[in-house]
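Each remark here refers to the structure printed beneath this line.
The values are calculated or read from the model by the stated rules, or taken from the named source; none is laboratory data. Computed from a predicted structure; not experimentally measured. Don't worry about glycine lacking a Cβ; one is built from the backbone with ideal geometry, like all the others, and counts go over all protein chains shown.
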Amino acid sequence: MSTTTLKRIDSIDVLRGIVMVIMAIDHVRDFVHDQAYTGDPLNVLTTTPVLYFTRWITHLCAPTFVFLSGLSIYLQSIRKSKAELSSFLFKRGLWLIFVEICLISLAFTFNPSYNFIILQVIWAIGISMILLGFLCRLPYKVVLAIGLVIVLGHNVLDFWEAAPGFKAGFWWDLFHHGLFAVYPIVGDHHLIIMYPFVPWTGLMILGYCFGVFFTAKFTSTERQKILTRIGIFLIGFFVVLRAINVYGDPHPWTTQANGFDTFLSFMNVHKYPPSLAYMSVMIGIAILALAFLENIQNKLTNVFRTFGRTAFFYYIIHFYMAHAITAVLFFYRGHSYEEAVKALQKIPFLFQIAGEGYSLEIVYLIWILLIISLYPLCKWYDSYKTAHKEKWWLSYL
């Protein structure tokens, strides 16, 4: 493997690791913050700057992870035939959906009865991989065109969804609308749709097409220049699109009492589903980060690289650890298991009561301790994967 290839892979893994670490702060906040279920941290009228940006910075995570997943798939396509890649993506996608339903939903709710199955980002990545498994057989330009049409055009549906009397229905929510829609499965078991998949699939497709810049066709210097220009363009595109305030996000920004609050309204872009404005600014930042990280290697980037190389393992473990901490704190505050079960009538996540919890300072402290605890586990798993490359099943983890 060439030095260029090593640097390329490192920059991708380092960025993936950075967003995994940032992501954990949002999940810890969901579990232990005293305002997690009493208000919207992005509501300009009720939030604080620290709370707002604690939530806003985590908007980087899901789109970056999906985009990098597509990019990594393109790099796999270089060493696999289209038939091999298609087969792998189909099986990997099914596996991710299974993990979302059976492992992530349990980690999120701690409810062994599975009264709530939640379709989050792993589901969106899984179904997108299955679809990309079919699309990867098509010519590159056709795949790129499909991705652009989805990402640039899906917000046209916002006008339809905003019409008086509009009702989404299951399939529409699954495809585009979502927004925490709840549907009964059987009895007291329900499905919660957090990530409608079509916009996320479009983003993964563009990530796949973006992978061409990480091939031997481009030197490291050329790639950095291209990535910097694309990143700046996307952020500039976001500013113009958001300023026009007509298309690209279902929630227009509004003038507030002061300039800073107006800025917060301007930056509050829609994630469920990811709007064009949301994807433009987040992926613009991610691409600039890739350019910046191209030739940086030190102890800190090595830590992030470890998290990035074990992202799926990290993702599953961090949910269980964060929720376990929540359970311990719940009983520490003097509650009983019966109270936890009773609280499920209002919040579908065991060991949480609306309005209870801790300050944002404690949230950050728990987050730091969680990351420190995760590192040796991820380091061990990364070493295990490296030493056992012959084990085919590791490619699914």
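Among the residues making up the range 114-147, a single one is over 25 Å from L96 (Cβ atoms) and either within 22 Å of the chain's Cα centre (by Cα) or surrounded by 12 or more Cβ atoms within 10 Å (Cβ to Cβ) (or both): A145. Within the range 280-293, is there a residue that is of a type in the set (G, A, S), within 29 Å of H33 (Cα to Cα) and touching a Pro at 6+ places or on another chain (Cβ under 8 Å)? Yes, because at least one residue in the range 280-293 is of a type in the set (G, A, S), within 29 Å of H33 (Cα to Cα) and touching a Pro at 6+ places or on another chain (Cβ under 8 Å).
Is there a residue being over 30 Å from D10 (Cβ atoms) and among the aromatic types (F, W, Y) anywhere in the range 266-287? Checked the range 266-287: at least one residue is over 30 Å from D10 (Cβ atoms) and among the aromatic types (F, W, Y).
For the range 353-381, the tally of residues that are buried (at least 17 other Cβ atoms within 10 Å of the Cβ) and under 25 Å from F313 (Cβ atoms) stands at 8. Beta carbons closer than 8 Å, at least 6 apart along the sequence or on distinct chains, pair a first residue in the range 40-53 that is within 16 Å of R29 (Cα to Cα) with a second that is among the polar types (S, T, N, Q) and outside any loop (DSSP other than H, G, I, E, B) for P41/T54. I'd like to check something: does the range 1-22 contain any residue that is of a type in the set (V, I, T), over 21 Å from K379 (Cβ atoms), in a helix (DSSP H, G or I) and modelled with pLDDT of 95 or more? No, that holds for no residue.
Pairs are defined by a Cβ separation below 6 Å, a sequence spacing of at least 6 or placement on different chains, a first member in the range 209-232 that is within 20 Å of S69 (Cα to Cα), and a second member that is surrounded by fewer than 18 Cβ atoms within 10 Å (Cβ to Cβ) and among the polar types (S, T, N, Q); no pair meets this definition. Taking the conditions (1) surrounded by fewer than 16 Cβ atoms within 10 Å (Cβ to Cβ); (2) without any contact (Cβ under 8 Å) to a residue 60 or more places away in the chain in turn, C61 satisfies each one other than (1).
Taking the range 77-158 as the region of interest, the helices (runs of 4 or more DSSP H) fully inside it that hold 1 or more residues being polar (S, T, N, Q) are 82-99, 105-109, 121-135. Just one of the numbered conditions (1) modelled with pLDDT of 90 or more; (2) assigned to a loop (DSSP other than H, G, I, E, B) is not true of I347: (1).
For the range 85-95, check the following and say yes or no: at least one residue is without any contact (Cβ under 8 Å) to a residue 24 or more places away in the chain and surrounded by fewer than 15 Cβ atoms within 10 Å (Cβ to Cβ).
no
If you go through the range 25-76 and keep only what is aliphatic (A, V, I, L, M) and in contact with a strand residue (DSSP E or B) (Cβ under 7 Å, 6 or more places away or on another chain), you end up with just V32.
Which is more than 22 Å from the chain's Cα centre (by Cα) and either surrounded by 17 or more Cβ atoms within 10 Å (Cβ to Cβ) or assigned to a helix (DSSP H, G or I) (or both), of V246, V240? Break it down stepwise before answering.
On the way: V246 fails: either surrounded by 17 or more Cβ atoms within 10 Å (Cβ to Cβ) or assigned to a helix (DSSP H, G or I) (or both).
Being more than 22 Å from the chain's Cα centre (by Cα) and either surrounded by 17 or more Cβ atoms within 10 Å (Cβ to Cβ) or assigned to a helix (DSSP H, G or I) (or both) holds for just one of V246, V240, which is V240.
Pull up the range 320-345, narrow it to residues that are of a type outside the set (A, V, I, L, M) and in contact (Cβ under 8 Å) with a residue 40 or more places away in the chain, then point me to the one that is surrounded by the most Cβ atoms within 10 Å (Cβ to Cβ).
Filtering the range 320-345 down to residues of a type outside the set (A, V, I, L, M) leaves 320, 323, 326, 330-339, 342, 345.
Subsequent filtering for residues that are in contact (Cβ under 8 Å) with a residue 40 or more places away in the chain retains 320, 323, 326.
Numbers: Y320: 15, H323: 24, T326: 20.
My answer is H323.
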